[in-house]
Amino acid sequence: MSQTNTSLLDQVVQWNQETCRQQLKAVLPELTALHQKSDSWNDHIRILKIITDMFLPHVGVSELEDECFSKILPKAEAVFHSMMAELMDQVGGLSSQNTELCALLRNILQGLMQIIDALSTCVRHVGSFEDAPDLDAIRSLPTCILKVLRETFQHCKDSEVVYCGRLSLVADLLQGLFKDAYSLQKSLLELLDRVSLDSGASEEEVSDVVAVIHSLLEICSVISDLDVALHANTWKFLIKQSLKYQSLVEEHLHHQDISSSLRDNLLASFHSCVELAEQIRHAGLQESKQSPEYKLFQKSAKMCRFFANTLVHYIKEFKFFLTKCCSSFHQLYLQIISTFPPSLCAPALPTALSEELKAAALVPMDAFLLQLVPLRPFAEVVLQQDLRLRPEHELPQCLLLVSIMGQLPCQPEEVLQLWFTGSEFSEETPRLPLHRAIFTSFRRCHTERNVPVLLPGVMLKGQAQVQVTLHQHMCVQLCASVAVLPPVCLPVLERCLVDVVLQADTQTALLAADVWCFTARYGSAELCLHHVVLIAQLVKVCPAECYQSLHLGLLLKRMVFLMTPNHQMELVAQFPPSELENLRVWHHVLLRALSQETRLRVQTEILDLTQKVLTDWQNGGHKLGQVDRVNVVLLSLLAALRGQPSPEEQCVLPAVKIVTQLWSRMSPDQLQTQPVLRCTLQLLLSISAALVKNIDPQVICQALLCLDAVVAQKCADPLLLAALEFLSSLGKIFVPPDSQSQILPRLSSLFGVLLADTSWLLHQHALEAFSYFAENTNHEEVISQSLCSEETKTKVVSYLSKTVNAEEDVESRLQRLKQETLVIEQHNEKLEDNKDHVPSKPAAEAAADSEPCPKKARQETSAEEEYRRYMQAAESALKALQALTEGKADTTAPPPPWLESRLQELQTLIAHISAARLTS
């Protein structure tokens, strides 16, 4: 700086305020020119301080920008930046031994503080005016200050890394620098709060406001970890300015950046709360509310609540500018919901802290959704057809959809159609109808359904809420939505219910059946009839073995209960049980659901048709190709017997006659080669179990002979399960003394074999069947004779005493269920991939085509079958006799004296039979 300039500065510093005011017009331009030309930091700061301290107080509002701020502030900002850059370049050599460098760096920090002090003087001067100036009159001031603040806060934030263990050498100055910057920002925001723009503001003024808001957003990203109060106040001002000038700036703001920053801050404070709560739990400090950890938790929770509410408010005001953020909003909701129960990945937090965190983050999520529901892009994100989520987000997605469904009744009609109808035109972004999306999401929550997770139930009649399963929760919410569903959306719902009932996951199909039943019950009787007829038609065309038939049958069974008596008769008229092709419908119907008149008609027609089919089979020489027809009528007969508490008298006698006929013709040898007969035997066993009190002991003996061969052949599980059902039913009858020797030993033998089976499924059912038999039977000797080994006896005793051998721990069970989820879903997908590959011809015709030629007919059975039947009877009798003679039948009576001679006669008879066979 020249000697002339130095003398001017030395002269000016001696002036008083009055002299400065008088010389303002002449000297200020010279000083600003010197300021621009100054080439050292010290000269710059000296001139800046002279201008701001001595001459600025005399500058009027109209002259501030043009005469002062626009000339000195850009240079001040540049000098501040160069000093900060020099500080960063030199700090690497800082140490306590390098006193010269330490002094240099401290001088730089003091210089930075002087620049901030000069800027604070500018703000105070502008704020001293009674009327707030126009933004145009101080345009350079906020721009310069905000850049200086951002750089200052960034340096303070990075100080631990920048000074790398040498922070103590400059800590006092850094602390002072931060405080000065903090004070400067506070003063600036107070000043800007006084400034206002009207609707006629110029583009430059609008641009200045937008620049201020975006600069504050940058500062917020820097100070988030520095000071909680500063951070919150900066955000408050940012949002306040955005709303204050909403009509002017809404098209210019970086809405996506603002909302993203709010979301990130919300998640950061939220995760901080979770971590602190876990630390408090592990340290056992939840009772100590005065601990530093607890106070820090409360501070973080307060910030979490602030950011959640701020984000909701911002979305409310600018939602139509945030359509590109809908995917991130969706993920935000899922992340927060997944941290709370019933999510399986939710951390275990102290109850009190969990409740505080819910109030801070979870409660605002309802208001959050309320703002997003009307947005089409949000609906398109949430209702994607192939939404790929992390496993821990499947349940939150399900709960999200249910929450949306609960908020829709208060929305306008166009919003309801947006969510409930799905995409209707090819040019639309594909989206599922809401109900379909809910069922799809529920299906994916396989692990949560099996744990099961529990949710709050609905409060009824003033009773406190109880915890309910996910299925119950979904059922209540879905039915509530159906009750308020607009009529225009009902066809979409009906199509959805049909599709879901016909998919492979059984529990999801049951949930759809629950909703369908409510829909039919809530609607008119005619609607119920219409639905039942539709379901019956679907049942009729489905192959009997497919999962769709099972799901539809369960639904039909329930729906018939909802029909009026007249409509039940109409159903009988449309699907008369007297026709074989309609029995697929009737074997799903419980007769107790029908009125008395309808029930008698259905029973009569089923029994008449069953007898006719059996007669045709007998007259046709027992052709195996006709066995499918027999099985169809037997299945309907079984449904008729099971469909009421106890079979009616007019039904029992014909049914017993049918059972007797069939047992007399059942050949165990054919079961091994003719699978269709296994189905016949399975049905026959179940029917016999229902009629066991009315069946002749000799028929029961024939059944046990057949079962003995079946068990020896290791037939399929369904047949053996039916056998256990029949065996357990025998506990309800008293076997006449003259038949006990034929029945009881074989019964004991069968129970013994089945109780020892290694299959867990059969073993469990065997325990249940044996337990039921033991509780009801009068023949206690069967019980002891069935327990033929110590191992079997131990298992039965453990079962009866409800002993748990090994209890799976929670974590292991959860991991197992997660592994099962993948396997089951793959299985269901495989089923659905093959669902269209069903036989094109009726099952009976297909079976007939594949059956071998029938054997030569005789009056009742073939000669070979006759031989086999008598041999089985002889074998059974001899084994029973052996059990008596060896004392295995718990009898204390000695063998009669004539037994030896009769055994000799039998041996002679057997020798004659063998000799006759050799000579023939």
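The values are calculated or read from the model by the stated rules, or taken from the named source; none is laboratory data. Just so we're clear, the structure is a prediction, and the values are computed from it rather than from any experiment. Quick reminder, even Gly has a Cβ in these numbers, built from the backbone with ideal geometry, and neighbours come from all protein chains shown.
Quick look at the values:
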item	result
Count of the range 593-622 residues which are under 23 Å from residue 660 (Cβ atoms) and outside any helix (DSSP H, G or I)	3
Residue 415 β-branched (Val, Ile, Thr), more than 18 Å from residue 821 (Cβ to Cβ) and out of contact with any Pro (no Cβ under 8 Å at 6 or more places or on another chain)	no
Residue check, residue 379 small (Gly, Ala, Ser) and not in a loop (DSSP other than H, G, I, E, B)	yes
Total residues in the range 539-583, condition free of Cβ contacts under 8 Å to residues at least 40 places away in the same chain and assigned to a helix (DSSP H, G or I)	13
Residue 512 more than 30 Å from residue 605 (Cβ to Cβ) and among the small types (Gly, Ala, Ser)	yes
Test: residue in the range 142-153 that is under 15 Å from residue 183 (Cα atoms), aromatic (Phe, Trp, Tyr), touching a helix residue (DSSP H, G or I) at 6+ places or on another chain (Cβ under 8 Å) and in contact (Cβ under 8 Å) with a residue 24 or more places away in the chain	yes
Any hit, the range 775-782, residues being touching a residue at least 60 places away in the same chain (Cβ under 8 Å) and in contact with an Asp or Glu (Cβ under 6 Å, 6 or more places away or on another chain)	yes
Per-region count, the range 121-142, residues under 18 Å from residue 216 (Cβ atoms) and hydroxyl-bearing (Ser, Thr, Tyr)	1
From 274, 206, 210, residue being over 36 Å from the mean Cα position of the chain (by Cα), among the aliphatic types (A, V, I, L, M), part of a helix (DSSP H, G or I) and within 28 Å of residue 156 (Cβ to Cβ)	210
Among (1) within 26 Å of residue 450 (Cα to Cα); (2) touching a Phe, Trp or Tyr at 6+ places or on another chain (Cβ under 6 Å), the one test that residue 761 misses	(2)
Filter pass, residue 271 being without any contact (Cβ under 8 Å) to a residue 12 or more places away in the chain and either more than 25 Å from residue 226 (Cβ to Cβ) or surrounded by fewer than 20 Cβ atoms within 10 Å (Cβ to Cβ) (or both)	yes
Residue match in the range 797-819 (condition: at pLDDT 90 or above and among the aromatic types (Phe, Trp, Tyr))	no
Counted residues, the range 537-565 - those being over 18 Å from residue 592 (Cβ atoms) and out of contact with any Pro (no Cβ under 7 Å at 6 or more places or on another chain)	14
So residue 85, is it exposed (fewer than 12 other Cβ atoms within 10 Å of the Cβ), over 60 Å from the mean Cα position of the chain (by Cα) and not β-branched (Val, Ile, Thr)	no
Any helices (runs of 4 or more DSSP H) falling wholly within the range 707-815 and containing at least 1 residues that are within 36 Å of the chain's Cα centre (by Cα), within 27 Å of residue 670 (Cα to Cα) and of a type outside the set (Val, Ile, Thr)	717-729, 760-776
Residue selected from the range 62-100 under the condition at pLDDT below 90 and either among the hydrophobic types (A, V, I, L, M, F, W, C) or touching a Pro at 6+ places or on another chain (Cβ under 6 Å) (or both), by the criterion nearest to residue 17 (Cα to Cα)	91
Breaking point among (1) farther than 20 Å from residue 125 by Cβ; (2) touching a Cys at 6+ places or on another chain (Cβ under 6 Å), for residue 73	(1)
The range 159-203: number of residues that are acidic (Asp, Glu) and part of a loop (DSSP other than H, G, I, E, B)	1
Helices (runs of 4 or more DSSP H) within the range 279-369 that include 3 or more residues farther than 30 Å from residue 452 by Cβ	292-318, 326-337
Considering residues of the range 589-601 that are of a type outside the set (S, T, N, Q) and surrounded by fewer than 24 Cβ atoms within 10 Å (Cβ to Cβ) only, the residue farthest from residue 654 (Cα to Cα)	593
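Yes or no, residue by residue, for (1) outside any loop (DSSP other than H, G, I, E, B); (2) aliphatic (A, V, I, L, M); (3) at pLDDT below 90; (4) surrounded by fewer than 21 Cβ atoms within 10 Å (Cβ to Cβ):
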| site | (1), (2), (3), (4) |
| --- | --- |
| 640 | yes, yes, yes, no |
| 646 | no, no, yes, yes |
| 650 | yes, no, yes, yes |
| 656 | yes, yes, no, yes |
| 678 | yes, no, yes, yes |
| 681 | yes, yes, no, no |
| 685 | yes, yes, no, no |
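Okay, residues lined up against (1) closer than 28 Å to residue 174 by Cβ; (2) out of contact with any Phe, Trp or Tyr (no Cβ under 7 Å at 6 or more places or on another chain):
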position	(1), (2)
221	yes, yes
232	yes, no
236	yes, yes
246	no, yes
265	yes, no
278	no, yes
289	no, yes
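Let's see how each residue does on (1) of a type in the set (Ser, Thr, Tyr); (2) under 20 Å from residue 170 (Cβ atoms); (3) surrounded by fewer than 13 Cβ atoms within 10 Å (Cβ to Cβ); (4) touching a strand residue (DSSP E or B) at 6+ places or on another chain (Cβ under 9 Å):
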{"site": "18", "(1), (2), (3), (4)": "no, no, yes, no"}
{"site": "25", "(1), (2), (3), (4)": "no, no, yes, no"}
{"site": "32", "(1), (2), (3), (4)": "yes, no, no, no"}
{"site": "55", "(1), (2), (3), (4)": "no, no, no, no"}
{"site": "58", "(1), (2), (3), (4)": "no, no, no, no"}
